[in-house]
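No value in this document is a laboratory result; all are computed from the given coordinates. Small disclaimer: the values here were computed from a predicted structure and weren't measured. Heads up, the Cβs are rebuilt from the backbone with ideal geometry, glycines too, and the neighbour counts pull from every protein chain shown.
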Amino acid sequence: MEIEFHLLAQDGSPLSDGVQAYSLQVLNQLEPVFGELIEGLRGFVELEGGNSEYGPGQCEVNLRHVDALQAADQAARFKYAARELARRRDAIATFMAKPFGDQAGNSMHLHLSLWRDHEPVFGPDGGAENALMRQAVGGILRHLPGIVLYGAPTVNS
């Protein structure tokens, strides 16, 4: 999972300015909040990394690949802990989809993989798409309206 969020000051303004993704300079502007958030989460969730994102004060954290139930638990724990760790630094972590109308919004990207017999099903099969991959993608598309109900439950989603 890739989870995007904004780090804000108590007045609601972004903790960094400018529009740059993957910027070390922006990460410096987000200190000490972002660094303490990353360090404080170690052992509580399995992080692969974190970086600045496109919008002012916008960040992204990548959670380690785990099974579906663990991934859901880790995402919930991450959001709870990020809000709390930011609060301890007199900042706000918001996961609102569009906190600023004229800036980039937040989302969560969910990466999926399907394996059978220790081989990835979404890989090439003799140069052609395989039937199981097509069925998996078809199932996701068929159930997408129901998935969106849980994945985007609010008006802001």
Potential extension, Leu24-His109 segment - 0.36 nm per residue separation minus Cα distance: 28.4 nm
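So if R0 is 35 Å, what FRET efficiency would Arg88 and Val148 give, r being the distance between their Cβ atoms, rounded to the nearest 0.05? Please list the in-between numbers first.
Working: r = 34 Å, r/R0 = 0.96.
The pair Arg88/Val148 has a calculated efficiency of 0.55.
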Among Gln135, Gln29, Gln103, which one shows the highest mean-square fluctuation when the chain is modelled as a Gaussian network with alpha-carbon springs under 10 Å? Gln135
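Under the 0.36 nm per residue contour assumption, what length would be gained going from the current alpha-carbon distance of Phe44 and His118 to full extension?
Here the segment from Phe44 to His118 would lengthen by 23.8 nm.
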For helix 68-87, report the angle its Cα long axis makes with the longest principal axis of the Cα atoms of the chain; keep it between 0 and 90° and round to the nearest 10°. 10
Selected from Leu8, Leu63, Ile140, residue furthest toward positive end of dipole (the chain; charges at beta carbon): Ile140
How high is the FRET efficiency from Tyr54 to Glu31, r the C-beta distance, R0 25 Å, rounded to 0.05? 0.85
Interchain or sequence-distant (5+) residues whose placed amide H lies within less than 5 Å of the amide H of Asn130 are Asp125
Per DSSP, the loop-located trypsin sites (Lys or Arg not before Pro) within segment 50-157 having at most 14 other beta carbons within 10 Å are Arg64, Arg88
Full-extension gain in nm, Gln10 to Asn62, via 0.36 nm per residue minus C-alpha separation: 16.2 nm
For the Lys98, Ala136 Cβ pair and Förster radius 41 Å, calculated FRET efficiency rounded to 0.05 is 0.85
Can you give me the angle between helix 131-151 and the longest principal axis of the chain, using Cα atoms only, in degrees from 0 to 90, rounded to the nearest 10? 40
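Which value at 222 nm does the chain reach when only helices count, each DSSP H run of 4 or more adding -39,500 (n - 2.57), with the total divided by all residues and rounded to the nearest 500 deg cm²/dmol?
On the way: 4 runs with 56 residues, N = 157.
Counting only the DSSP helices, I get -11500 deg cm²/dmol.
Run the numbers on the chain and let me know its relative contact order in percent, using alpha-carbon pairs under 8 Å that are six or more apart. Before the final figure, lay out the partial values.
Values: 218 pairs, mean separation 41.5, N = 157.
It rounds to 26 percent for the chain.
Mind putting a number on the dipole of the chain about its Cα centre? Charges go on the C-beta only, +1 for Lys and Arg and -1 for Asp and Glu, and I need it in Debye to the nearest 20. Write out the running numbers ahead of the final one.
Working: 12 positive and 20 negative charges, 89 e Å.
Computed charge dipole of the chain: roughly 420 debye.
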